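The structure appears below as structure tokens.
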Amino acid sequence: MGESEGKAAQISLKDQGNEFFKAGNYLKAAALYTQAIKQDPSNPTLYSNRAAAFLNLVKLSKALADADTTITLKPDWEKGYFRKGCVLEAMERYEDALDAFQVALKYNAKSSEVAKKIKRLTQLAKDKKRAQEVETMRTNVDMSKHLDSLKTELSGLYGAEDGSKEVFSFLVETMENAVKSCHETSTVDPRVYFMLNKDKTDTEKYAPVVNIDKAFESPHTHNNCYSFLREYADDSFSGAACLVAPKSIISYPQVWKGQGSRKWKHGQSDGFFFQFESPLLRKVWFVSQYIREGPNLMQGPC
């Protein structure tokens, strides 16, 4: 085969690959590009095209290798960086993809396609970073370290070590679940959690959780709910209870509107309340929803 015939065959293979690519047959397109590369291994366009085919086949490692080869063969061509950016985006390596698109824009400042990619990737990188921060907060929630003084107080009140440990574990678990919910969804369901007695409680009649979404709408509903929960705790032989209520649902009493000596100490930030109740102890905390370094426990008035 002469030189001119070889070049014609090469062009034919590339063009055939392009036709299969346009038709959505990426596997056949990749195979034809591979044959063309064997005939002309220093042609950056062929590697770029095969990278696109591999990307559509979700063969991301191979696509990235071809994009890098494209860049090596023609470092001042935007297409190689564009291909690399697209592959890295598919890998969810958003910051690396953004870097690649920035280089592509350097070599073709007028490319609207690259500009759109940069705008999209900038937002995706921010979203991913925030999601990672939230996941770190969610997995690293440790309320027990904020409650050392309470742990000591419970031990002194209950005397028996096992009893105080059970109550403390119940409180910590309830608080941690609420904080994790806040980190994940920015909401906390208004509920009361009961530490039921495993030997005495009729679990078919009494559940460990009671919804209280209407409890703070008025003095009337507040008093009725309070009486109901007291009776529920007694009848279910609960050793302790923990109320969790977001500040946003509380119409009454809005203690943060007090002035003078009654002035709310914790600013205007939203958040939620914990109220712990046992036969020997009552405690109330407010947790700001907008603390990013983990929960900020602030003991409020009982």
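What the table shows:
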| item | result |
| --- | --- |
| Looking only at segment 220-253, and only at residues there that are touching a Ser or Thr at 6+ places or on another chain (Cβ under 8 Å) and either of a type outside the set (Ser, Thr, Tyr) or outside the structural domain of Pro279 (by TED's automatic domain parsing) (or both), the one that is farthest from Ser186 (Cα to Cα) | Phe237 |
| Extreme residue, surrounded by the most Cβ atoms within 10 Å (Cβ to Cβ), among residues of segment 26-40 that are among the charged types (D, E, K, R) and more than 14 Å from Ala52 (Cβ to Cβ) | Asp40 |
| Failed criterion for Trp264 (all others in (1) in a loop (DSSP other than H, G, I, E, B); (2) touching a residue at least 12 places away in the same chain (Cβ under 8 Å) hold) | (2) |
| Subset tally (residues that are in contact with a Pro (Cβ under 7 Å, 6 or more places away or on another chain) and within 17 Å of Ala36 (Cβ to Cβ)) for segment 53-79 | 3 |
| Yes/no for Ser42 being modelled with pLDDT of 95 or more and assigned to a loop (DSSP other than H, G, I, E, B) | yes |
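Yes/no matrix, rows are residues, columns are (1) of a type in the set (Ser, Thr, Tyr); (2) closer than 24 Å to His146 by Cβ; (3) surrounded by fewer than 16 Cβ atoms within 10 Å (Cβ to Cβ):
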{"residue": "Val179", "(1), (2), (3)": "no, yes, no"}
{"residue": "Asp189", "(1), (2), (3)": "no, yes, no"}
{"residue": "Asp199", "(1), (2), (3)": "no, no, yes"}
{"residue": "Val210", "(1), (2), (3)": "no, no, no"}
{"residue": "Glu217", "(1), (2), (3)": "no, no, yes"}
{"residue": "Ala233", "(1), (2), (3)": "no, no, no"}
{"residue": "Ser236", "(1), (2), (3)": "yes, no, no"}
{"residue": "Cys242", "(1), (2), (3)": "no, yes, no"}
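The values are calculated or read from the model by the stated rules, or taken from the named source; none is laboratory data. Only a predicted model underlies this, so the values are computations on that prediction, with no experimental measurement involved. Please note: Cβ atoms are built from the backbone with ideal geometry, for glycine as well, and neighbour counts cover all protein chains shown.
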